[in-house]
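S.K.: Can you read through this structure? Questions will come right after.
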Amino acid sequence: MTRPIVEFQNVSKTYHLGLLRRRTIHALRDVSFKVRGGCVFGLLGPNRAGKTTLVKALLSICRPTAGTILRLGRDAAYRGTLARIGYLHESPAFPRYLTARAFLDYYGALSLLTRREVAMRIPRLLDEVGLNDRAGEAIAAFSKGMLQRLALAQALVNDPELLVLDEPTEGMDLSARKLLHEIIHRRKAEGKTAILVSHSMADVGRLCDELAVLRGGQVVFHGMLAELTGQASQEGDVDSLQEALEPMYAGPVHAGPIYAGAAS
Amino acid sequence: MNPRTLLPVIFRLVKDTFRQSMASGICWLLMGLSTICILGCLSASVNGPQSLAAAGENADFLPRFDREAQDAHKLKQSGVTVADGTLSLAFGAVRVAVARDVRATVHFFQLILAAGVADTLGLLLTLIWTAGFLPGFLAPQAVAVLLAKPVPRWGLLAGKYIGVLAFVLAQAVYFVGGTWLALALRTGVWDAAYLLSIPLLLLQFAVFFGFSLLLAVCFRSTVVCVFGSIAFWGICWAINFGRHAVMAAEAMAPCGKFSTLLVRLADISYWILPKPVDLGCLAFDALGAQTHFRPILEHNGGLSLGLSVLTSLLFTVYVLIAAARQFAKMDY
């Protein structure tokens, strides 16, 4: 079996809200699963299931209250592994005064790439996401779709081993969506891993090999896509996927996983 | 993370701050105000005796209101030697009588520019205008992608802080350097003491922007940063000035007018907090404008400008460490 690229071990996250921090929200409860290398892993669940919190904990944007996260084989406390990860935020806010080229240069430097590496990658990346002719334009003039393309280029700037995409197709037109699919398929063929957080069954069905479904901060399913849809094919069709997910999205939250797949 | 890896990141964050300041118009606004002052200096000229002081003598040019100069004619008639100089502004449209020699008049003019325009008005305006830089940078949607990068959190904060300081340094160099050059060209007084205002301005700003940084990390609100840092500056200024006033009053007439508790409290607060008045005194000192007030305090061990700078810096370092620690443990 391929080595796990990400491993969550009994991860819990509790937020204390309010002025006196008395209101408690359990965003994650005892989450444990592994993501093997070279696959496209789907992270699904209804709103407020804890998907984004899990992604943030993985990327050290927030810290888990309990449990351990191993990222590329090392504890998540070690930030060095973040240099090999790309992240596309669900609704990113960019410095609007930067041009597309300056934007990638800036984020490339923050990914600890050398000036030369960044200079080599920027034209290729802009070409890949179809923004080469807008490289010198200020981001402020970009449409939402163009910003999504640029955000994708930002996530790819360090040619990451692991790509984390949080709602990547939100606001994307058909051609941008097709482009994203092509990029993910190509990277998968190169043996690279992607974690996809999405509400789009079409994207999940077309892209993912393996899934984890969260509800109420708990894993309610972890397994291969085919196990969920009950199909022999890896590529699940939207209807059967939706049908399979419906009871998980609506059903009661139990103390432990209720649909455990073989992949765990 | 080793410094060799971190330095290019800091450099990009500094560059980004300059871009941000240009895009927001703050850079051009401050440069515009500085240019007006520089043009004002270019329109100024000073007539009067070259020097009234003997060699090695410090000619104190305070008090600021030259009643003696206005009465120069009467004084001359009564046989008193009067330095009847003139400071003219706007190419002679405005003429002010001064009882100083040329050098002291230029120093007086520079003191107004350093302590009044730059150190008070400039500092407050810059604090207000740059207060939005950090909350914008730390907004959850903007910072989440940055936090997913391998740069340590304190490195991001340090880069932005240094970026704003570099921007203020550039503005201070333009303002002080420009006005100094303009006055020197017009008056022939090339004393470089005024240039000391550049590091002093930067130090003052670094102290109060450090506090603004802590507020930005804790509250992520521009309004809190603006009002918080201005209120903090006001408190520090009042404590600094109040403590010196109490000390001076006690030294001149030790009649126990102030309770021991009040004196002790003022003293403790003074030593803990930054000292904007003392830092301003350094500019007075450099321009030779301080021979009345300071000795009274110095003779009583109440003032040491070196210690004032050191303790203000220590406070800033403490605030920056607190901000970095808070930022390191925050969830976004």
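The values are calculated or read from the model by the stated rules, or taken from the named source; none is laboratory data. Since the model is a prediction, treat every value here as computed from it, not as a measurement. We place every Cβ from the backbone using ideal geometry, glycine too, and count neighbours over all the protein chains shown.
S.K.: Please tell me if B:L169 is within 19 Å of the chain's Cα centre (by Cα) and surrounded by fewer than 22 Cβ atoms within 10 Å (Cβ to Cβ).
M.R.: When the stated conditions are applied, B:L169 passes them.
S.K.: I need the full set of residues from the range B:1-10 which are assigned to a helix (DSSP H, G or I) and touching a residue at least 24 places away in the same chain (Cβ under 8 Å), in order please. Please lay out each step first, then the result.
M.R.: So the first thing to find is which residues in the range B:1-10 are assigned to a helix (DSSP H, G or I), and the list is B:3-10.
Answer for the range B:1-10, where residues must be assigned to a helix (DSSP H, G or I) and touching a residue at least 24 places away in the same chain (Cβ under 8 Å): B:L6, B:V9, B:I10.
S.K.: Any idea which of B:A158, B:A97 is out of contact with any Phe, Trp or Tyr (no Cβ under 6 Å at 6 or more places or on another chain), in contact (Cβ under 8 Å) with a residue 40 or more places away in the chain and either within 14 Å of chain A (Cβ to nearest Cβ) or not in a loop (DSSP other than H, G, I, E, B) (or both)?
M.R.: Working: B:A97 fails: in contact (Cβ under 8 Å) with a residue 40 or more places away in the chain.
Going through B:A158, B:A97 in turn, just one is out of contact with any Phe, Trp or Tyr (no Cβ under 6 Å at 6 or more places or on another chain), in contact (Cβ under 8 Å) with a residue 40 or more places away in the chain and either within 14 Å of chain A (Cβ to nearest Cβ) or not in a loop (DSSP other than H, G, I, E, B) (or both): B:A158.
S.K.: Any residue that is of a type in the set (S, T, N, Q), out of contact with any helix residue (DSSP H, G or I) (no Cβ under 7 Å at 6 or more places or on another chain) and more than 9 Å from chain A (Cβ to nearest Cβ) - is there at least one of those in the range B:120-135? First the steps, then the outcome.
M.R.: So the first thing to find is which residues in the range B:120-135 are of a type in the set (S, T, N, Q), and the list is B:120, B:126, B:130.
Checking which are out of contact with any helix residue (DSSP H, G or I) (no Cβ under 7 Å at 6 or more places or on another chain) leaves us with B:120.
Filter once more, so that each one left must be more than 9 Å from chain A (Cβ to nearest Cβ): B:120.
Yes, there is a match, as at least one residue in the range B:120-135 is of a type in the set (S, T, N, Q), out of contact with any helix residue (DSSP H, G or I) (no Cβ under 7 Å at 6 or more places or on another chain) and more than 9 Å from chain A (Cβ to nearest Cβ).
S.K.: Still on this structure: Only residues in the range A:112-138 that are under 22 Å from A:K178 (Cβ atoms) count as the first member; pair them with residues that are assigned to a loop (DSSP other than H, G, I, E, B) and of a type in the set (V, I, T), Cβ under 8 angstrom, at least 6 apart or cross-chain, and list the lot.
M.R.: A:L125/A:V157
S.K.: Under 30 Å from A:E182 (Cα atoms), more than 14 Å from chain B (Cβ to nearest Cβ), in contact with a helix residue (DSSP H, G or I) (Cβ under 8 Å, 6 or more places away or on another chain) and in a strand (DSSP E or B): which single residue out of A:F33, A:F41, A:F8 fits that description?
M.R.: A:F8
S.K.: Among the residues of the range A:85-108, which ones are farther than 19 Å from B:P140 by Cα and touching a Pro at 6+ places or on another chain (Cβ under 6 Å)?
M.R.: Scanning the range A:85-108 gives a single hit, A:I85.
S.K.: Another question, if that's okay. Please identify the pairs in which a residue from the range B:318-332 that is away from chain A (no Cβ under 12 Å) and over 16 Å from A:A77 (Cα atoms) has its Cβ atom under 9 Å from the Cβ atom of a residue that is surrounded by 13 or more Cβ atoms within 10 Å (Cβ to Cβ) and of a type in the set (V, I, T), counting only partners at least 6 apart or on another chain.
M.R.: From residues that are away from chain A (no Cβ under 12 Å) and over 16 Å from A:A77 (Cα atoms), the pairs are B:V319/B:V207; B:A322/B:V217; B:A323/B:V217; B:A324/B:V217; B:Q326/B:V217.
Results for (1) touching a residue at least 40 places away in the same chain (Cβ under 8 Å); (2) of a type in the set (A, V, I, L, M, F, W, C); (3) in a loop (DSSP other than H, G, I, E, B); (4) surrounded by fewer than 23 Cβ atoms within 10 Å (Cβ to Cβ), shown as yes or no for each residue.
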site: B:G92; (1), (2), (3), (4): yes, no, yes, yes
site: B:V117; (1), (2), (3), (4): yes, yes, no, yes
site: B:W129; (1), (2), (3), (4): yes, yes, no, yes
site: B:G136; (1), (2), (3), (4): yes, no, no, yes
site: B:A142; (1), (2), (3), (4): no, yes, no, yes
site: B:P150; (1), (2), (3), (4): yes, no, yes, yes
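S.K.: Working carefully through the options A:F142, A:F103, find the one that is away from every other protein chain (no Cβ under 14 Å), aromatic (F, W, Y) and in contact (Cβ under 8 Å) with a residue 40 or more places away in the chain. Show your work before the answer.
M.R.: Values: A:F103 fails: away from every other protein chain (no Cβ under 14 Å).
Every option except A:F142 fails the conditions.
The rows are residues; the columns are (1) surrounded by 24 or more Cβ atoms within 10 Å (Cβ to Cβ); (2) facing chain B (nearest Cβ under 9 Å); (3) in a helix (DSSP H, G or I).
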{"position": "A:H26", "(1), (2), (3)": "no, no, no"}
{"position": "A:T81", "(1), (2), (3)": "no, yes, yes"}
{"position": "A:G86", "(1), (2), (3)": "yes, yes, no"}
{"position": "A:A93", "(1), (2), (3)": "no, yes, no"}
{"position": "A:R116", "(1), (2), (3)": "no, no, yes"}
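S.K.: Sticking with this structure for a sec: With the structure loaded, tell me whether B:N240 is among the polar types (S, T, N, Q) and at pLDDT 90 or above or whether it fails that test.
M.R.: Yes; evaluated as a whole, the condition is true for this residue.
S.K.: In the range B:283-307, how many residues are under 14 Å from the mean Cα position of the chain (by Cα) and modelled with pLDDT of 80 or more?
M.R.: Looking only at that region, the number is 0.
S.K.: Limited to the range A:43-58, what total is found for residues that are touching a strand residue (DSSP E or B) at 6+ places or on another chain (Cβ under 7 Å) and more than 20 Å from A:R3 (Cβ to Cβ)?
M.R.: Qualifying residue count, the range A:43-58: 11.
S.K.: In the range A:57-79, which residues are touching a residue at least 60 places away in the same chain (Cβ under 8 Å), in a loop (DSSP other than H, G, I, E, B) and more than 10 Å from chain B (Cβ to nearest Cβ)?
M.R.: Answer for the range A:57-79, where residues must be touching a residue at least 60 places away in the same chain (Cβ under 8 Å), in a loop (DSSP other than H, G, I, E, B) and more than 10 Å from chain B (Cβ to nearest Cβ): A:L72, A:G73.
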